[in-house]
Amino acid sequence: MQTHSFIEKWSKKKTIILPVVVGEELELRLYTGPQDLAIGAYGIAEPTGKVFTDYKAIDLAVIPGMAFDKDGHRLGRGKGYYDKLLPYIPAVKIGICFPFQLIEEVPAEPFDICMNTIITK
């Protein structure tokens with residue numbers, strides 16, 4: 001799901017923090033505008049702004065996925081980036097996807113962090 005217009009709209013009113021792939025981890029960085037984006041490891045535009053580590057200050061986390069289920073389980077791309085990051089973020093977590101990505105059941109492990117809600121377009 002494309003989130004560019006959502007990010008642009010809300011960046012004028014809220015602090016937006018976006019993930020950047022750094023090796024085997026996700027690093028969070030401040031979004032300062034489209035002029036400060038660079039193509040990252042997976043061909044996705046990523047912010048080049050200041051690193052953000054105050055995870056407790058995050059009010060809301062919008063999380064992408066390949067699939068979600070009604071219980072809030074998330075299926076990623078298999079690298080575990082969000083599995084490593086999400087335990088540190090106590091904020092409400094909203095999974096975003098297209099309707100066809102909302103499936104009956106996503107395989108889940110005890111360490112998986114569930115989304116509080118799922119939003120489809």
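Some notes on this structure:
- Whole-Hz Karplus values for the stretch 61-74 come out as 10, 9, 10, x, x, 6, 7, 9, 10, 5, 8, x, 5, 10 Hz, taken residue by residue from phi with 6.51 cos²θ - 1.76 cosθ + 1.60 and θ = phi - 60°; glycine and proline positions read x.
- Whole-number accessible area per residue in Å² for the chain, which is evaluated in the context of all protein chains at 1.4 Å: 66
- 3J(HN,Hα) couplings calculated from phi for the stretch 38-47 with the Karplus curve 6.51 cos²θ - 1.76 cosθ + 1.60 (θ = phi - 60°) are, in sequence order, 9, 5, x, 4, 10, x, 9, 5, 10, x Hz; Gly and Pro show x.
- The charge dipole of the chain, taken about the Cα centre with unit charges on the Cβ atoms of Lys, Arg (+1) and Asp, Glu (-1), comes to about 520 debye, rounded to the nearest 20.
- Look at the dipole of the chain built from charges on Cβ: of Thr15, Thr3, Thr117, the Cα furthest out on the positive end belongs to Thr15.
- Size of charge dipole - the stretch 54-120 - debye, nearest 20, with Cβ of Lys, Arg +1 and Asp, Glu -1, no other charges: 240
- Amide H to amide H distances under 5 Å link His73 with Met115, where only residues 5 or more positions off or on other chains count and H is placed in the peptide plane.
- Of all DSSP beta bridges in the chain, antiparallel share, percent nearest 5: 50
- Theoretical gain in end-to-end length, Tyr81 to Lys9 [0.36 nm per residue, Cα-Cα removed]: 23.3 nm
- With a cut-off of 12 Å between beta carbons, the residues surrounding Gly80 carry a summed charge of -1, where Lys and Arg count +1 and Asp and Glu -1.
- Here the stretch 1-46 is treated with +1 on each Lys and Arg Cβ and -1 on each Asp and Glu Cβ, and its dipole about the Cα centre works out to around 420 debye.
- Simple label model, 7 Å out from Cα along Cβ direction - Val51 to Gln35, nm: 2.6
- Ordering of 69-77, 107-115 by packing is 69-77, 107-115, highest average first (other Cβ atoms within 10 Å, averaged per residue).
- Sulfur and carbon atoms: percent of accessible area, the chain [1.4 Å]: 57
- Greater than 23 Å apart at Cα, pairs in Lys12/Lys50; Lys14/Lys56; Lys14/Lys70; Lys13/Lys93; Lys12/Lys93; Lys50/Lys84: Lys14/Lys70
- Distant-in-sequence amide H partners of Gly80 (H built 1.01 Å from N, under 5 Å): none
The values are calculated or read from the model by the stated rules, or taken from the named source; none is laboratory data. Owing to the predicted nature of the structure, the values given are computational and were not obtained by experimental measurement. Every residue, glycine as well, gets a Cβ built from its backbone with ideal geometry; the counts of neighbours run over all protein chains shown. To get the accessible areas, we keep the full protein, side chains included, count just its heavy atoms, and leave off ligands, DNA and RNA. Shrake-Rupley method; radii C 1.70, N 1.55, O 1.52, S 1.80 Å.
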